[in-house]
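Reviewing the structure listed below.
The values are calculated or read from the model by the stated rules, or taken from the named source; none is laboratory data. The structure presented is a predicted model; accordingly, all values stated were derived computationally and were not measured. Here the Cβ positions follow ideal geometry from the backbone for every residue, glycine too, while neighbour counts run over all protein chains shown. Ligands, DNA and RNA are stripped out before the accessible areas are found, and what is left, the full protein with its side chains, is counted by its heavy atoms. Shrake-Rupley method; radii C 1.70, N 1.55, O 1.52, S 1.80 Å.
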Amino acid sequence: MAPAPQRQLTLNLFIYPGGHHEAGWRYPGARPERLLDIGFYQDLARSAEAAKLDAVFFADSPVQADDIRFASRFRLEPLTWLSAIAAATSHIGLIGTASTTYYEPYNLARLYASLDHLSGGRAGWNIVTTAVPQASANFGLSDVPTHADRYARAAEFLDVVTKLWDSWEDDALIADAASGVFADGAKIHPIDHVGRHYRVKGPLNSPRSPQGRPVYVQAGSSDDGRSFAARYAEAIFTAHQTLPSARDFYADIKRQAKALGRNPDHVKILPGISPYIGSTQVEADRLYDAFNALVQTDYSLNQLRQITGIDFSGHPLQAEVPQDAFEAAPPAKKAASRYQLVLDIVRRERPTLRQLIDRLAGARGHYVSVGTPEKIADEIQLWFESGAADGFNVMPPWYPAGFDLFASEVVPILRRRGLFRSEYRGRTLRDHFGLPRPESLYAREARVTA
Ligand SMILES: Cc1cc2nc3c(=O)[nH]c(=O)nc-3n(C[C@H](O)[C@H](O)[C@H](O)COP(=O)(O)O)c2cc1C
(Lines give C-alpha, C1' and ligand atoms only; values in the text may rest on other atoms or scores of the structure.)
Protein backbone atom coordinates (compact mmCIF):
# COMPACT_ATOMS: atom_id res chain seq x y z
CA MET A 1 0.00 0.00 0.00
CA ALA A 2 1.50 3.36 -1.09
CA PRO A 3 2.67 5.58 1.82
CA ALA A 4 -0.03 8.04 2.96
CA PRO A 5 0.24 11.62 1.61
CA GLN A 6 0.31 14.37 4.31
CA ARG A 7 -1.56 13.63 7.53
CA GLN A 8 -5.20 12.97 6.64
CA LEU A 9 -8.42 13.46 8.53
CA THR A 10 -10.34 10.46 9.89
CA LEU A 11 -14.07 11.06 9.37
CA ASN A 12 -16.86 8.77 10.62
CA LEU A 13 -20.60 9.13 10.19
CA PHE A 14 -22.25 8.76 13.62
CA ILE A 15 -25.72 7.35 12.81
CA TYR A 16 -28.35 8.06 15.47
CA PRO A 17 -32.00 7.20 14.63
CA GLY A 18 -33.78 10.43 13.69
CA GLY A 19 -30.62 12.56 13.69
CA HIS A 20 -28.49 14.14 16.43
CA HIS A 21 -30.73 17.10 17.10
CA GLU A 22 -33.29 15.84 19.60
CA ALA A 23 -36.07 17.04 17.26
CA GLY A 24 -34.26 15.89 14.11
CA TRP A 25 -36.90 13.23 13.33
CA ARG A 26 -39.52 16.00 13.02
CA TYR A 27 -37.60 18.24 10.60
CA PRO A 28 -39.03 18.39 7.08
CA GLY A 29 -37.58 15.57 4.94
CA ALA A 30 -36.48 13.46 7.95
CA ARG A 31 -38.68 10.47 6.96
CA PRO A 32 -39.67 9.22 10.46
CA GLU A 33 -41.75 6.47 8.85
CA ARG A 34 -38.47 4.89 7.61
CA LEU A 35 -36.66 4.84 10.96
CA LEU A 36 -37.08 1.06 11.21
CA ASP A 37 -36.34 0.42 7.54
CA ILE A 38 -32.83 -1.05 7.07
CA GLY A 39 -32.85 0.31 3.50
CA PHE A 40 -32.74 3.84 4.97
CA TYR A 41 -29.52 3.05 6.83
CA GLN A 42 -28.00 1.11 3.93
CA ASP A 43 -28.55 4.21 1.78
CA LEU A 44 -26.92 6.41 4.44
CA ALA A 45 -23.92 4.08 4.62
CA ARG A 46 -23.65 4.06 0.82
CA SER A 47 -23.63 7.88 0.86
CA ALA A 48 -20.86 7.84 3.49
CA GLU A 49 -18.92 5.34 1.37
CA ALA A 50 -19.39 7.44 -1.78
CA ALA A 51 -17.87 10.36 0.17
CA LYS A 52 -14.99 8.03 1.12
CA LEU A 53 -15.59 8.32 4.85
CA ASP A 54 -13.74 5.94 7.20
CA ALA A 55 -16.69 4.35 8.96
CA VAL A 56 -20.27 4.47 10.10
CA PHE A 57 -20.79 4.26 13.86
CA PHE A 58 -23.78 3.09 15.94
CA ALA A 59 -24.08 3.85 19.64
CA ASP A 60 -25.99 1.54 21.97
CA SER A 61 -27.28 1.01 25.48
CA PRO A 62 -29.11 -2.20 26.56
CA VAL A 63 -32.00 -0.25 28.10
CA GLN A 64 -34.93 1.77 26.78
CA ALA A 65 -34.32 5.44 27.57
CA ASP A 66 -37.28 6.72 29.52
CA ASP A 67 -37.76 9.85 27.43
CA ILE A 68 -39.11 8.17 24.30
CA ARG A 69 -42.32 10.26 24.19
CA PHE A 70 -40.81 13.15 22.23
CA ALA A 71 -37.58 11.71 20.80
CA SER A 72 -36.61 8.83 18.49
CA ARG A 73 -34.45 7.26 21.20
CA PHE A 74 -35.01 3.57 20.45
CA ARG A 75 -32.18 1.16 19.64
CA LEU A 76 -31.88 -1.78 17.24
CA GLU A 77 -28.93 -4.01 18.10
CA PRO A 78 -25.87 -2.49 16.33
CA LEU A 79 -24.17 -5.65 15.01
CA THR A 80 -27.38 -6.97 13.49
CA TRP A 81 -27.83 -3.58 11.86
CA LEU A 82 -24.18 -3.40 10.71
CA SER A 83 -24.28 -6.90 9.19
CA ALA A 84 -27.05 -5.75 6.87
CA ILE A 85 -25.06 -2.63 6.04
CA ALA A 86 -21.96 -4.75 5.36
CA ALA A 87 -23.93 -6.60 2.69
CA ALA A 88 -24.80 -3.30 0.97
CA THR A 89 -21.31 -1.76 1.02
CA SER A 90 -17.70 -2.73 0.27
CA HIS A 91 -15.28 -0.30 1.96
CA ILE A 92 -16.94 1.74 4.69
CA GLY A 93 -15.88 0.75 8.20
CA LEU A 94 -18.53 -0.66 10.57
CA ILE A 95 -18.21 0.41 14.22
CA GLY A 96 -20.78 -0.88 16.67
CA THR A 97 -21.12 -0.40 20.42
CA ALA A 98 -21.30 -3.23 22.94
CA SER A 99 -21.04 -3.24 26.71
CA THR A 100 -18.37 -5.01 28.74
CA THR A 101 -20.77 -4.90 31.72
CA TYR A 102 -23.71 -6.65 30.07
CA TYR A 103 -22.08 -9.11 27.63
CA GLU A 104 -20.13 -12.34 28.11
CA PRO A 105 -16.69 -12.11 26.46
CA TYR A 106 -17.02 -15.36 24.47
CA ASN A 107 -20.31 -14.24 22.86
CA LEU A 108 -19.02 -10.77 22.11
CA ALA A 109 -15.78 -12.11 20.61
CA ARG A 110 -17.82 -14.29 18.26
CA LEU A 111 -20.13 -11.45 17.19
CA TYR A 112 -17.34 -9.03 16.22
CA ALA A 113 -15.13 -11.72 14.64
CA SER A 114 -18.12 -12.74 12.54
CA LEU A 115 -18.81 -9.15 11.48
CA ASP A 116 -15.14 -8.80 10.56
CA HIS A 117 -15.28 -11.99 8.44
CA LEU A 118 -18.53 -11.13 6.65
CA SER A 119 -17.38 -7.57 5.91
CA GLY A 120 -13.89 -8.47 4.68
CA GLY A 121 -12.21 -6.78 7.67
CA ARG A 122 -14.26 -3.64 8.41
CA ALA A 123 -15.38 -4.21 12.02
CA GLY A 124 -14.73 -1.89 14.96
CA TRP A 125 -15.91 -2.29 18.55
CA ASN A 126 -16.92 0.80 20.54
CA ILE A 127 -16.12 -0.46 24.04
CA VAL A 128 -18.47 0.95 26.66
CA THR A 129 -19.09 -0.01 30.27
CA THR A 130 -22.67 1.40 30.18
CA ALA A 131 -23.01 4.26 32.62
CA VAL A 132 -26.85 4.24 32.48
CA PRO A 133 -27.89 2.82 35.91
CA GLN A 134 -31.29 1.57 34.71
CA ALA A 135 -29.60 -1.00 32.45
CA SER A 136 -28.69 -3.20 35.41
CA ALA A 137 -32.36 -4.06 35.99
CA ASN A 138 -32.43 -5.77 32.58
CA PHE A 139 -29.73 -8.21 33.64
CA GLY A 140 -31.02 -9.27 37.07
CA LEU A 141 -28.55 -7.07 38.96
CA SER A 142 -29.92 -5.61 42.20
CA ASP A 143 -26.94 -3.25 42.60
CA VAL A 144 -25.73 -0.86 39.90
CA PRO A 145 -22.06 -1.64 39.21
CA THR A 146 -19.83 1.25 40.34
CA HIS A 147 -17.74 3.25 37.87
CA ALA A 148 -14.51 1.68 39.21
CA ASP A 149 -15.96 -1.87 39.11
CA ARG A 150 -17.14 -1.36 35.56
CA TYR A 151 -13.66 -0.38 34.41
CA ALA A 152 -11.92 -3.17 36.36
CA ARG A 153 -14.25 -5.71 34.75
CA ALA A 154 -13.74 -4.06 31.33
CA ALA A 155 -9.95 -4.50 31.47
CA GLU A 156 -10.24 -8.24 32.14
CA PHE A 157 -13.03 -8.52 29.55
CA LEU A 158 -10.74 -7.01 26.93
CA ASP A 159 -7.91 -9.33 27.86
CA VAL A 160 -10.17 -12.36 27.37
CA VAL A 161 -11.60 -11.14 24.06
CA THR A 162 -8.13 -10.33 22.70
CA LYS A 163 -6.87 -13.83 23.55
CA LEU A 164 -9.94 -15.38 21.91
CA TRP A 165 -9.45 -13.34 18.72
CA ASP A 166 -5.81 -14.52 18.66
CA SER A 167 -6.57 -18.14 19.58
CA TRP A 168 -6.44 -19.24 15.94
CA GLU A 169 -3.13 -18.29 14.37
CA ASP A 170 -3.48 -16.73 10.91
CA ASP A 171 -2.29 -19.88 9.15
CA ALA A 172 -4.23 -22.37 11.30
CA LEU A 173 -6.88 -22.76 8.63
CA ILE A 174 -5.61 -25.10 5.90
CA ALA A 175 -8.80 -26.31 4.08
CA ASP A 176 -6.84 -28.68 1.83
CA ALA A 177 -9.43 -30.89 0.17
CA ALA A 178 -6.77 -33.12 -1.40
CA SER A 179 -5.15 -34.10 1.89
CA GLY A 180 -8.42 -33.76 3.80
CA VAL A 181 -6.77 -31.51 6.40
CA PHE A 182 -9.01 -28.61 7.30
CA ALA A 183 -7.04 -26.96 10.08
CA ASP A 184 -3.77 -27.27 12.01
CA GLY A 185 -4.82 -28.00 15.56
CA ALA A 186 -1.38 -27.07 16.83
CA LYS A 187 -2.12 -23.49 15.80
CA ILE A 188 -5.48 -23.29 17.56
CA HIS A 189 -5.00 -22.50 21.22
CA PRO A 190 -7.21 -22.83 24.30
CA ILE A 191 -6.81 -19.57 26.26
CA ASP A 192 -7.43 -21.12 29.72
CA HIS A 193 -8.27 -17.74 31.24
CA VAL A 194 -8.94 -17.72 35.00
CA GLY A 195 -9.48 -14.27 36.41
CA ARG A 196 -11.43 -12.34 39.06
CA HIS A 197 -14.50 -11.94 36.81
CA TYR A 198 -14.14 -14.57 34.07
CA ARG A 199 -13.17 -18.22 33.54
CA VAL A 200 -12.91 -18.90 29.78
CA LYS A 201 -11.36 -22.02 28.25
CA GLY A 202 -11.45 -21.14 24.52
CA PRO A 203 -10.36 -21.33 21.69
CA LEU A 204 -12.79 -19.20 19.69
CA ASN A 205 -14.81 -21.42 17.34
CA SER A 206 -13.96 -19.55 14.14
CA PRO A 207 -10.70 -18.80 12.30
CA ARG A 208 -8.86 -15.53 12.89
CA SER A 209 -10.65 -12.64 11.19
CA PRO A 210 -9.28 -10.53 8.31
CA GLN A 211 -8.08 -7.70 10.58
CA GLY A 212 -6.77 -10.15 13.17
CA ARG A 213 -8.67 -8.13 15.74
CA PRO A 214 -11.51 -5.69 15.01
CA VAL A 215 -10.49 -2.11 15.78
CA TYR A 216 -10.70 -1.11 19.48
CA VAL A 217 -12.70 2.08 19.90
CA GLN A 218 -13.60 3.70 23.23
CA ALA A 219 -15.18 6.84 24.61
CA GLY A 220 -13.98 7.39 28.18
CA SER A 221 -13.32 10.84 29.62
CA SER A 222 -13.06 10.25 33.37
CA ASP A 223 -9.62 9.41 34.80
CA ASP A 224 -10.41 5.67 34.67
CA GLY A 225 -11.86 6.10 31.20
CA ARG A 226 -8.80 7.95 29.96
CA SER A 227 -6.26 5.47 31.30
CA PHE A 228 -8.32 2.63 29.87
CA ALA A 229 -8.37 4.42 26.50
CA ALA A 230 -4.65 5.17 26.58
CA ARG A 231 -3.91 1.48 27.28
CA TYR A 232 -6.26 -0.22 24.83
CA ALA A 233 -8.07 2.11 22.42
CA GLU A 234 -7.00 2.62 18.79
CA ALA A 235 -9.65 5.31 18.31
CA ILE A 236 -11.21 7.46 21.04
CA PHE A 237 -14.53 9.27 20.69
CA THR A 238 -14.93 12.36 22.83
CA ALA A 239 -17.12 15.41 23.32
CA HIS A 240 -15.71 18.96 23.59
CA GLN A 241 -17.29 22.38 23.35
CA THR A 242 -14.07 24.35 22.93
CA LEU A 243 -10.69 24.04 21.21
CA PRO A 244 -8.66 24.39 24.46
CA SER A 245 -10.60 21.59 26.16
CA ALA A 246 -10.16 19.35 23.11
CA ARG A 247 -6.44 20.13 22.99
CA ASP A 248 -5.99 19.28 26.67
CA PHE A 249 -7.76 15.95 26.22
CA TYR A 250 -5.74 15.17 23.09
CA ALA A 251 -2.39 15.95 24.72
CA ASP A 252 -3.29 13.98 27.85
CA ILE A 253 -4.29 10.81 26.00
CA LYS A 254 -1.31 10.91 23.60
CA ARG A 255 1.05 11.48 26.55
CA GLN A 256 -0.45 8.56 28.49
CA ALA A 257 -0.31 6.25 25.46
CA LYS A 258 3.32 7.16 24.80
CA ALA A 259 4.20 6.54 28.45
CA LEU A 260 2.76 3.02 27.98
CA GLY A 261 5.08 2.44 25.03
CA ARG A 262 2.39 2.86 22.39
CA ASN A 263 2.78 4.78 19.09
CA PRO A 264 0.57 7.90 19.58
CA ASP A 265 -0.29 7.84 15.85
CA HIS A 266 -2.09 4.56 16.49
CA VAL A 267 -4.44 6.24 18.97
CA LYS A 268 -6.88 8.38 16.96
CA ILE A 269 -8.69 11.13 18.87
CA LEU A 270 -12.09 11.84 17.30
CA PRO A 271 -14.35 14.52 18.81
CA GLY A 272 -17.95 14.82 17.68
CA ILE A 273 -19.03 17.71 15.39
CA SER A 274 -22.65 18.48 14.46
CA PRO A 275 -22.76 20.68 11.31
CA TYR A 276 -25.62 23.08 10.54
CA ILE A 277 -24.77 24.14 6.98
CA GLY A 278 -26.13 27.15 5.05
CA SER A 279 -24.97 28.92 1.88
CA THR A 280 -24.69 32.05 4.07
CA GLN A 281 -24.20 32.49 7.83
CA VAL A 282 -27.72 33.91 8.07
CA GLU A 283 -29.16 30.85 6.36
CA ALA A 284 -27.19 28.54 8.66
CA ASP A 285 -28.37 30.41 11.77
CA ARG A 286 -31.92 30.20 10.47
CA LEU A 287 -31.54 26.42 10.04
CA TYR A 288 -30.23 26.06 13.62
CA ASP A 289 -33.09 28.17 14.98
CA ALA A 290 -35.62 26.15 12.99
CA PHE A 291 -34.46 22.98 14.74
CA ASN A 292 -34.57 24.57 18.16
CA ALA A 293 -38.08 25.83 17.48
CA LEU A 294 -39.10 22.14 17.36
CA VAL A 295 -37.67 21.40 20.81
CA GLN A 296 -40.12 20.07 23.39
CA THR A 297 -39.15 21.93 26.57
CA ASP A 298 -40.29 19.11 28.86
CA TYR A 299 -38.03 16.70 27.00
CA SER A 300 -35.03 19.06 27.11
CA LEU A 301 -35.47 19.76 30.82
CA ASN A 302 -35.62 16.01 31.37
CA GLN A 303 -32.35 15.62 29.39
CA LEU A 304 -30.77 18.35 31.52
CA ARG A 305 -31.96 16.61 34.69
CA GLN A 306 -30.48 13.29 33.48
CA ILE A 307 -27.08 14.93 32.92
CA THR A 308 -26.96 17.17 36.01
CA GLY A 309 -29.40 15.56 38.45
CA ILE A 310 -30.99 19.00 38.84
CA ASP A 311 -34.63 19.80 38.04
CA PHE A 312 -34.80 23.22 36.36
CA SER A 313 -38.51 22.90 35.44
CA GLY A 314 -39.42 25.67 37.91
CA HIS A 315 -36.85 28.10 36.52
CA PRO A 316 -37.96 30.81 34.00
CA LEU A 317 -36.69 29.94 30.50
CA GLN A 318 -35.54 33.49 29.75
CA ALA A 319 -33.65 33.83 33.04
CA GLU A 320 -29.93 33.11 33.40
CA VAL A 321 -29.08 29.61 34.68
CA PRO A 322 -27.99 29.98 38.32
CA GLN A 323 -24.47 28.54 38.78
CA ASP A 324 -25.02 27.87 42.48
CA ALA A 325 -27.82 25.44 41.58
CA PHE A 326 -25.09 23.01 40.53
CA GLU A 327 -23.86 22.72 44.11
CA ALA A 328 -26.90 20.55 44.84
CA ALA A 329 -26.07 18.02 42.12
CA PRO A 330 -25.63 14.37 43.31
CA PRO A 331 -21.93 13.26 43.55
CA ALA A 332 -22.42 10.51 40.92
CA LYS A 333 -23.51 13.16 38.43
CA LYS A 334 -20.64 15.48 39.36
CA ALA A 335 -18.18 12.66 38.51
CA ALA A 336 -19.53 12.33 34.96
CA SER A 337 -17.79 14.23 32.14
CA ARG A 338 -21.08 15.43 30.60
CA TYR A 339 -21.99 17.21 33.88
CA GLN A 340 -18.67 19.08 33.82
CA LEU A 341 -19.23 19.99 30.19
CA VAL A 342 -22.62 21.58 31.02
CA LEU A 343 -21.24 23.44 34.06
CA ASP A 344 -18.40 24.81 31.90
CA ILE A 345 -20.96 26.20 29.39
CA VAL A 346 -22.93 27.84 32.24
CA ARG A 347 -19.78 29.38 33.79
CA ARG A 348 -18.26 30.44 30.45
CA GLU A 349 -21.33 31.73 28.59
CA ARG A 350 -23.89 32.48 31.37
CA PRO A 351 -26.77 31.33 29.14
CA THR A 352 -30.47 31.60 29.87
CA LEU A 353 -32.16 28.26 30.48
CA ARG A 354 -33.61 28.46 26.95
CA GLN A 355 -30.16 29.00 25.43
CA LEU A 356 -28.67 26.12 27.46
CA ILE A 357 -31.32 23.57 26.47
CA ASP A 358 -31.04 24.70 22.82
CA ARG A 359 -27.29 24.13 22.97
CA LEU A 360 -27.69 20.61 24.37
CA ALA A 361 -30.58 19.81 22.02
CA GLY A 362 -28.16 20.17 19.12
CA ALA A 363 -25.84 17.25 19.85
CA ARG A 364 -25.97 16.28 23.56
CA GLY A 365 -22.88 18.29 24.47
CA HIS A 366 -20.83 17.64 21.34
CA TYR A 367 -19.46 20.56 19.31
CA VAL A 368 -22.12 22.28 17.21
CA SER A 369 -20.81 24.14 14.13
CA VAL A 370 -23.22 26.54 12.44
CA GLY A 371 -22.14 28.24 9.22
CA THR A 372 -21.15 28.08 5.56
CA PRO A 373 -19.26 25.06 4.21
CA GLU A 374 -16.05 27.11 4.23
CA LYS A 375 -16.50 28.12 7.87
CA ILE A 376 -17.16 24.51 8.93
CA ALA A 377 -14.15 23.29 6.90
CA ASP A 378 -12.04 26.00 8.59
CA GLU A 379 -13.10 24.84 12.06
CA ILE A 380 -12.36 21.20 11.22
CA GLN A 381 -8.94 22.17 9.80
CA LEU A 382 -8.14 24.34 12.85
CA TRP A 383 -8.85 21.53 15.36
CA PHE A 384 -7.00 19.03 13.13
CA GLU A 385 -3.91 21.20 12.73
CA SER A 386 -3.69 22.49 16.29
CA GLY A 387 -3.42 19.25 18.23
CA ALA A 388 -7.08 18.86 19.16
CA ALA A 389 -8.24 16.09 16.82
CA ASP A 390 -7.12 13.41 14.35
CA GLY A 391 -10.56 13.60 12.79
CA PHE A 392 -14.23 13.75 13.71
CA ASN A 393 -17.40 11.82 14.29
CA VAL A 394 -19.78 13.70 12.00
CA MET A 395 -23.20 14.05 13.69
CA PRO A 396 -25.82 15.39 11.23
CA PRO A 397 -28.79 17.01 12.98
CA TRP A 398 -31.13 15.07 10.65
CA TYR A 399 -31.00 12.52 7.80
CA PRO A 400 -30.52 12.06 5.00
CA ALA A 401 -30.19 15.72 3.88
CA GLY A 402 -28.12 16.75 6.94
CA PHE A 403 -25.40 14.31 5.89
CA ASP A 404 -25.79 14.82 2.11
CA LEU A 405 -25.06 18.53 2.62
CA PHE A 406 -21.87 17.73 4.55
CA ALA A 407 -20.76 15.20 1.91
CA SER A 408 -21.48 17.47 -1.06
CA GLU A 409 -20.42 20.84 0.43
CA VAL A 410 -17.77 20.34 3.13
CA VAL A 411 -15.92 17.15 2.10
CA PRO A 412 -14.86 18.56 -1.33
CA ILE A 413 -13.32 21.60 0.41
CA LEU A 414 -11.36 19.36 2.79
CA ARG A 415 -10.23 17.30 -0.22
CA ARG A 416 -9.11 20.41 -2.18
CA ARG A 417 -7.03 21.40 0.87
CA GLY A 418 -5.35 17.97 0.79
CA LEU A 419 -6.80 17.05 4.19
CA PHE A 420 -9.03 14.13 3.21
CA ARG A 421 -8.78 11.17 0.89
CA SER A 422 -10.29 11.14 -2.60
CA GLU A 423 -10.01 7.35 -2.88
CA TYR A 424 -9.81 4.48 -0.40
CA ARG A 425 -6.26 3.08 -0.40
CA GLY A 426 -7.21 -0.19 1.33
CA ARG A 427 -10.25 -2.29 2.17
CA THR A 428 -10.16 -2.76 5.92
CA LEU A 429 -10.99 -0.34 8.74
CA ARG A 430 -7.38 -0.68 9.89
CA ASP A 431 -6.26 0.44 6.41
CA HIS A 432 -8.55 3.47 6.62
CA PHE A 433 -7.37 4.41 10.13
CA GLY A 434 -3.72 3.73 9.25
CA LEU A 435 -3.42 1.09 11.97
CA PRO A 436 -1.18 -2.02 11.90
CA ARG A 437 -2.68 -5.52 11.76
CA PRO A 438 -1.78 -7.13 15.13
CA GLU A 439 0.01 -10.48 15.16
CA SER A 440 -1.66 -13.28 17.15
CA LEU A 441 -0.31 -13.36 20.72
CA TYR A 442 0.10 -17.13 20.35
CA ALA A 443 1.94 -16.90 17.01
CA ARG A 444 4.31 -14.36 18.54
CA GLU A 445 4.86 -16.57 21.58
CA ALA A 446 5.62 -19.57 19.32
CA ARG A 447 7.98 -17.41 17.24
CA VAL A 448 9.98 -15.98 20.18
CA THR A 449 10.20 -19.35 22.00
CA ALA A 450 11.11 -21.28 18.80
C1 LIG B 1 -18.99 9.87 20.91
C2 LIG B 1 -19.40 9.08 22.13
C3 LIG B 1 -20.18 7.96 21.95
C4 LIG B 1 -20.61 7.23 23.06
N5 LIG B 1 -21.37 6.13 22.85
C6 LIG B 1 -21.83 5.45 23.91
C7 LIG B 1 -22.69 4.34 23.70
O8 LIG B 1 -23.01 4.00 22.58
N9 LIG B 1 -23.13 3.67 24.78
C10 LIG B 1 -22.77 4.02 26.06
O11 LIG B 1 -23.19 3.35 27.00
N12 LIG B 1 -21.95 5.08 26.29
C13 LIG B 1 -21.50 5.79 25.24
N14 LIG B 1 -20.69 6.87 25.46
C15 LIG B 1 -20.32 7.21 26.84
C16 LIG B 1 -18.95 6.67 27.19
O17 LIG B 1 -18.88 5.31 26.98
C18 LIG B 1 -18.59 6.99 28.63
O19 LIG B 1 -19.45 6.37 29.51
C20 LIG B 1 -18.65 8.46 28.88
O21 LIG B 1 -17.84 9.10 27.90
C22 LIG B 1 -18.16 8.78 30.26
O23 LIG B 1 -16.83 8.48 30.36
P24 LIG B 1 -16.33 7.61 31.54
O25 LIG B 1 -16.77 6.22 31.24
O26 LIG B 1 -14.82 7.75 31.46
O27 LIG B 1 -16.90 8.13 32.81
C28 LIG B 1 -20.25 7.64 24.37
C29 LIG B 1 -19.46 8.78 24.56
C30 LIG B 1 -19.03 9.50 23.44
C31 LIG B 1 -18.15 10.69 23.67
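Scanning the stretch 208-224 for residues that are under 14 Å from the mean Cα position of the chain (by Cα) and within 8 Å of the ligand (Cβ to nearest atom), we see that the one that is farthest from Ala55 (Cα to Cα) is Ser221. The selection criterion, being assigned to a helix (DSSP H, G or I), open to solvent by less than 30 Å² (accessible area, probe 1.4 Å) and away from the ligand (no atom under 16 Å from the Cβ), does not hold for Ala446. Kindly indicate the residue of the stretch 286-325 that is touching a strand residue (DSSP E or B) at 6+ places or on another chain (Cβ under 6 Å) and not in a loop (DSSP other than H, G, I, E, B) and also surrounded by the most Cβ atoms within 10 Å (Cβ to Cβ) among those meeting that condition. Among those residues, the one meeting the criterion is Tyr288. Would you be able to say whether some residue in the stretch 79-90 is more than 29 Å from His432 (Cα to Cα) and either touching a Leu at 6+ places or on another chain (Cβ under 8 Å) or at pLDDT below 95 (or both)? Checking the stretch 79-90: not a single residue is more than 29 Å from His432 (Cα to Cα) and either touching a Leu at 6+ places or on another chain (Cβ under 8 Å) or at pLDDT below 95 (or both).
When every residue of the stretch 289-296 is checked against the conditions, none turns out to be more than 30 Å from Pro400 (Cα to Cα) and among the polar types (S, T, N, Q).
Of the residues making up the stretch 326-360, those that are without any contact (Cβ under 8 Å) to a residue 40 or more places away in the chain, not charged (D, E, K, R) and not in a helix (DSSP H, G or I) are Ala329, Pro330, Pro351, Thr352. Residues in the stretch 371-408 that are in a loop (DSSP other than H, G, I, E, B) and over 28 Å from Lys254 (Cβ atoms): how many? Going through the stretch 371-408 one residue at a time, the tally reaches 6.
Once the stretch 409-443 is narrowed to residues that are in a loop (DSSP other than H, G, I, E, B) and in contact with a strand residue (DSSP E or B) (Cβ under 6 Å, 6 or more places away or on another chain), the residue that is surrounded by the fewest Cβ atoms within 10 Å (Cβ to Cβ) is Arg437. Ser136 meets all of the listed conditions (1) at pLDDT 95 or above; (2) surrounded by fewer than 20 Cβ atoms within 10 Å (Cβ to Cβ); (3) of a type outside the set (A, V, I, L, M); (4) within 14 Å of the ligand (Cβ to nearest atom) but one, namely (1).
The one condition from (1) open to solvent by 40 Å² or more (accessible area, probe 1.4 Å); (2) modelled with pLDDT of 95 or more that His189 does not meet is (1). Going by the structure shown, is Arg255 away from the ligand (no atom under 16 Å from the Cβ), crowded, with 23+ Cβ neighbours inside 10 Å and more than 24 Å from Gly362 (Cα to Cα)? Answer is no for this residue. Of everything listed in (1) open to solvent by 10 Å² or more (accessible area, probe 1.4 Å); (2) more than 9 Å from the ligand (Cβ to nearest atom), the single unmet condition for Ala233 is (1). When we screen Thr162, Thr97, Thr146, Thr89 for residues that are at negative phi, within 12 Å of the ligand (Cβ to nearest atom) and buried (at least 17 other Cβ atoms within 10 Å of the Cβ), the only hit is Thr97. Go through the stretch 350-371 and give me each residue that's polar (S, T, N, Q) and in contact with a helix residue (DSSP H, G or I) (Cβ under 6 Å, 6 or more places away or on another chain). Residue satisfying the conditions is Ser369 alone.
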